Amino acid sequence: MFKSNKIIIYFFVICSFGITLFTSSSCGIYKLADINIPDSIKTIKVNYIENKARYINPQLSPQFTNKLRQKIVNQTRLTPVNNENADYDIKGYISQYDVSTSAISNEQAASNRLTVGVHISLYNRKSNEQPKEFEISRSFEFSATLTLAQAEAKLNDEIIRNLTDEVFNRIFSDW
């Protein structure tokens, strides 16, 4: 009986080692950099991200702003505030919202591309540095058989998630 218990233990040890080795091996998955927030930064204000693009999707600004606020509250130790005394102050606007043809088949559009861009400024009120500013632009493919409204409805969650993740990483992970 003792020998069979030993075999079972060895089996579990080998399986555990195999699982650890398998899950930790590199297979093209990249870990995001750690969040980098100075200890002196305690509060944050995320201003409304206004839509200044030529074409305005009326849902994009409020949804993007809210999702960015939620991600910051959920994934950092920063306290959100609504006054001008915030240690970090995020301002920005949607700078691009354009549709173009991305593929043609039989002399007709086969797929289209929606490109969404945002401009973000991060003000650090604890330092005398210039604001950290950056542009992010992402493209999203959709079938040319869809209207823009149908494509927006289908892509909305992906657009918001991708832009939010990219802005968050640029601000807090020095990407």
Problem - Principal semi-axes in Å for region 35-172 [√(5λ), Cα gyration tensor, largest first] - result: 34, 13, 12
Problem - Normalised contact order of region 35-172, rounded percent, pairs of Cα under 8 Å and 6 or more residues apart - result: 25 percent
Handout entry: Mean-position separation - Cα centroids, region 69-111 and region 157-172, in angstrom
Key = 6 Å
Exercise for the section: Report, by chain and number, residues whose modeled amide H sits under 5 Å from the one on Tyr97, excluding near sequence neighbours (fewer than 5 apart, same chain). Expected result: Arg54, Tyr55, Gly117
Handout entry: Residue-by-residue Karplus 3J(HN,Hα) for region 48-57, coefficients 6.51, -1.76, 1.60, Hz, glycine and proline x
Key = 4, 7, 6, 9, 10, 6, 5, 9, 10, 8
Completion exercise
With +1 at each Lys and Arg Cβ and -1 at each Asp and Glu Cβ, the charge dipole magnitude of region 35-172 around its Cα centre, to the nearest 20 debye, comes out at 400 debye
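Stretch Val73-Ser137 to full length: gain in nm at 0.36 nm per residue minus the Cα-Cα span?
Gain on extension, Val73 to Ser137, equals 20.7 nm.
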Completion exercise
Phi-derived 3J(HN,Hα) across region 66-83 with the Karplus relation (6.51, -1.76, 1.60, θ = phi - 60°), rounded Hz, x for Gly and Pro, is 5, 5, 5, 4, 4, 5, 5, 5, 6, 10, 10, 8, 6, 9, x, 9, 10, 10
Problem - Extreme residue, positive dipole direction of region 35-172, given options Val116, Gln150, Val46 (C-beta unit charges) - result: Val46
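Rounded to the nearest 0.05, what FRET efficiency do Ala149 and Ser102 give with R0 = 22 Å and r taken as the Cβ-Cβ distance? Could you check?
0.75
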Handout entry: Contact order relative to length of region 50-126, as percent, for alpha carbon pairs under 8 angstrom and 6 or more apart
Key = 33 percent
Handout entry: Where trypsin sites (Lys or Arg not before Pro) fall in DSSP loop in region 36-79, at most 15 other Cβ within 10 Å
Key = Lys42, Lys52, Arg54, Arg77
Exercise for the section: Could you check what % of the DSSP bridge pairs in region 25-134 are antiparallel, to the nearest 5? Expected result: 75 percent
Problem - 3J(HN,Hα) from dihedral phi, region 148-154, Karplus parametrisation 6.51/-1.76/1.60, rounded to Hz, x for glycine, proline - result: 4, 4, 5, 5, 4, 4, 6
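Laboratory data are not the source of any read-out in this text; all were calculated from the coordinates shown. In this text, all values refer to a predicted model and were calculated from it rather than measured experimentally. Every residue, glycine as well, gets a Cβ built from its backbone with ideal geometry; the counts of neighbours run over all protein chains shown.
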